[in-house]
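The values are calculated or read from the model by the stated rules, or taken from the named source; none is laboratory data. Not measured: the values here are computed from a predicted model. Cβ: placed from backbone, ideal geometry, glycine included. Neighbour counts: every protein chain shown. The accessibility values were calculated without ligands, DNA or RNA, using every heavy atom of the protein model including side chains. Shrake-Rupley method; radii C 1.70, N 1.55, O 1.52, S 1.80 Å.
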Amino acid sequence: MINRSVDPQAAIAPAQETEELERGKVRAPRGAILFVLHGWGGGTEVHVNDLRALLEDEGIATLLCKADTHDGNLMWISNPNLGAGPLFPAFNIRSDFAAFIDALKQCDVRHVHIHHLAGFVSEASDFFRRASAAAGILYDVTVHDYMSACPRINLIDRSGVYCGEPAINVCESCIAHSGSSFGHPSVREWRERYERVFAGARLRFVPDVDVKNRMERFFPTVPFEVRAHPEPRTILPPIAQRRAASPPAVRRIALLGAFGPHKGSALLEAVVRSAKYRQLPLEFVVVGYTDRDEPLRTLGVEVTGKYPREQATELLAATRADFVWFSSVCPETYCFTLTSAFEARLYPVAFDFGAIATRIKAAGWGRLLPIDTMLHPNRLAEIFAGMSVPQAPAAKPYVPDVHEGGDFFANYYGQGTLMRR
């Protein structure tokens, strides 16, 4: 029937199985969508939760499928609306093909939406492609980063910054010598697996045209569709004018989010050290946290710590910063915190690549710096100290909303043969 692999933190006693299976069946009038994703949190999970809320408002149930945290061969299906526990015993990707298909039918899954396969064994991409076909349902894929093209995920080589997307032989050498979170796989074989899962998908979503262009260079045989991430909006009271256009005595710079190496944490520290050494009139506040909080605090940076997502815009506005610096040293695929900067009407400053750059250009509000500036923290500190920041606009820059006009399901997924049962 179903494999009896058990997670010690989410076990289902055999006597409870019949009850759990019955409870797990979806009775939503329009069936269910199964979201496949990692358990790492971050922007992928934020986006999935936003989709789930919008779909469930329209009578479509949503289920999650995540890899076991200790064994990538195992995966769990859950319905967060019924609690954190799984609906079935774990499925083994290598042996529970038929049992997984049976579970899809029991839960009335009518569509699969693959968001991220980190944490799963490499065979998972073929497993979900084949399982969807065997169950008679279609699947879509959303690209949240560049893991499908690069096992190092963010197009950063051992230099610590953007690699420039070299020829594949250079990528093979990079992974062979520097490795990745997934070991030292062949990049060619890695991309071939993802190309199969992309080719089998009904649609392949990307959140920004910059991502579309990069992905179609990596995978020229398959097209990608741009779908901006739907986001809840924050309504702030009218914001008083902050500063004159001329530089103030001290330039206050805010950063928002969680900052690790690919988000530019090392570059942030280098810029702060440069400003402090040369006594430039700069002060920094991180609304969020980094992988080097204590060194930054020692240098005088204010680090506020983790925050609830719904408070991001308000907390950012409260910093009274002159501008917000987006310090990512790799091409971002979206950036939820940029939306907060727009809504707080704080001037965004970033490097001229990735989705952050295309969104700033589309909004007509912000400054983009040459990519190679990220290699020169002294120069960055000088730019920040002398930067002229325009007055905040009377209204926030327009941010497209894919939920405009109602009927989110039709607007986002389209009708076609999706959910056709």
Can we say residue 384 is more than 26 Å from residue 45 (Cβ to Cβ) and crowded, with 18+ Cβ neighbours inside 10 Å? yes
Which of the residues that make up region 250-264 are free of Cβ contacts under 8 Å to residues at least 40 places away in the same chain and in contact with a strand residue (DSSP E or B) (Cβ under 7 Å, 6 or more places away or on another chain)? 250
Restricting to region 325-355, give me the number of residues that are among the aliphatic types (A, V, I, L, M) and either open to solvent by 10 Å² or more (accessible area, probe 1.4 Å) or touching a Gly at 6+ places or on another chain (Cβ under 9 Å) (or both). 5
Out of all the residues in region 364-379, is one or more modelled with pLDDT of 90 or more, closer than 13 Å to residue 350 by Cβ and either of a type in the set (Asp, Glu) or open to solvent by 70 Å² or more (accessible area, probe 1.4 Å) (or both)? yes
Give me the pairs, please: first residue somewhere in region 291-306 and polar (S, T, N, Q), second residue anywhere and open to solvent by less than 80 Å² (accessible area, probe 1.4 Å), beta-carbon distance under 9 Å, and either six or more positions apart or on two chains. 304/285; 304/286; 304/287; 304/288; 304/315; 304/319
Determine, yes or no, whether residue 244 is modelled with pLDDT of 95 or more and either open to solvent by less than 70 Å² (accessible area, probe 1.4 Å) or touching a Lys or Arg at 6+ places or on another chain (Cβ under 6 Å) (or both). no
Out of curiosity, is residue 143 open to solvent by 30 Å² or more (accessible area, probe 1.4 Å) and among the β-branched types (Val, Ile, Thr)? no
If a residue has to be open to solvent by 20 Å² or more (accessible area, probe 1.4 Å) and either polar (S, T, N, Q) or free of Cβ contacts under 8 Å to residues at least 40 places away in the same chain (or both) to count, how many in region 80-100 make the cut? 8
